[in-house]
Amino acid sequence: MMNTFDQIKLKAAQEKIPSMQEEGLFYCEHLIQSQSLKNILEIGTGHGIWSIHMALAINDLKLKTIELNPKRAEIAKQNIIDLNLQDRITVIHQDALTVELTETYDLIFIDGPKSQNKALFIKVLPYLSKNGYILVDNLDFHGETHTEQTQSRDLKQLVRKINTFKDWILNESDLNVKALEFGDGLMLISRKYEP
Ligand SMILES: C[S@@+](CC[C@H](N)C(=O)[O-])C[C@H]1O[C@@H](n2cnc3c(N)ncnc32)[C@H](O)[C@@H]1O
């Protein structure tokens, strides 16, 4: 029999909401636990799968997650209530590019509009705690960043923006940047020096 979280994941998959693969989820869990990260911000909630997964795996986490799409934000809120996680996960229905941030976070997971990775990164960096991490997902964009074949104009443009972000971040000398070799191109970033 399927439990509530399995049903939530199935519905998200049926509605084609992209979510992180198992090995990526496992890596995030390990990072959060091994580095004692407590306060987390996610850009791009979808149906809340990533946040819910982390909150179920690690019981003293607090998460805020920002979603632009009103229907997805509502579904995520309901999913979180159904799993009784509403005291630990807060969904903010706003544009991550313009939302006002006030607190600092130990981990910031950027998984929103892929064409805006650089703008989002620049926006959230001042809100990263001293020894915190930023994770950016889908830098391979389902393998599309490694090929130019059979791509539409829109996809080519998106891929170009993702690759521009990669080149930019890899040349930022104040940051430690590690491209992880699994999933859909996860990148882990931290500051080299204290803010
Ligand atoms: C890949 S999905 C997120 C999946 C989720 N992080 C997970 O792993 O379960 C990306 C989400 O970003 C949202 N999004 C797109 N532009 C956004 C923006 N400007 N601000 C906030 N969310 C945005 C989309 O509506 C979509 O639900």
- Task: Could you please give the count of residues in the range 38-73 that are within 12 Å of the ligand (Cβ to nearest atom) and among the acidic types (Asp, Glu)?
- Result: 2
- Failed item, numbered, when Glu23 is tested on (1) assigned to a helix (DSSP H, G or I); (2) crowded, with 18+ Cβ neighbours inside 10 Å; (3) touching a residue at least 40 places away in the same chain (Cβ under 8 Å); (4) of a type in the set (D, E, K, R): (2)
- In the range 113-124, which residues are within 13 Å of the ligand (Cβ to nearest atom) and open to solvent by less than 10 Å² (accessible area, probe 1.4 Å)? Asn117, Leu120, Val124
- Is it fair to say Leu41 is touching a Leu at 6+ places or on another chain (Cβ under 9 Å), surrounded by fewer than 18 Cβ atoms within 10 Å (Cβ to Cβ) and not in a loop (DSSP other than H, G, I, E, B)? no
- Query: When the residues of the range 73-87 are filtered to those that are under 23 Å from Asn39 (Cβ atoms) and in contact (Cβ under 8 Å) with a residue 40 or more places away in the chain, which remaining residue is nearest to the chain's Cα centre (by Cα)?
  - Reply: Asn79
- Task: With respect to Thr90, determine if the residue is hydroxyl-bearing (Ser, Thr, Tyr) and free of Cβ contacts under 8 Å to residues at least 40 places away in the same chain.
- Result: yes
- For residues that are exposed (fewer than 11 other Cβ atoms within 10 Å of the Cβ) and more than 19 Å from Ala119 (Cβ to Cβ), tally how many sit in the range 163-194. 5
- Just name the residue that is nearest to Lys130 (Cα to Cα) out of those in the range 152-187 that are aliphatic (A, V, I, L, M), in contact (Cβ under 8 Å) with a residue 12 or more places away in the chain and in contact with a strand residue (DSSP E or B) (Cβ under 9 Å, 6 or more places away or on another chain). Leu175
- Task: Considering every residue within the range 102-112, establish whether at least one is touching a residue at least 60 places away in the same chain (Cβ under 8 Å), open to solvent by 10 Å² or more (accessible area, probe 1.4 Å) and within 12 Å of the ligand (Cβ to nearest atom).
- Result: yes
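The values are calculated or read from the model by the stated rules, or taken from the named source; none is laboratory data. Not measured: the values here are computed from a predicted model. In this analysis, Cβ positions are derived from the backbone assuming ideal geometry, glycine residues included, and neighbour counts consider all displayed protein chains. Just so you know, the surface numbers come from the protein's heavy atoms only, side chains and all, with ligands and any DNA or RNA stripped out. Shrake-Rupley method; radii C 1.70, N 1.55, O 1.52, S 1.80 Å.
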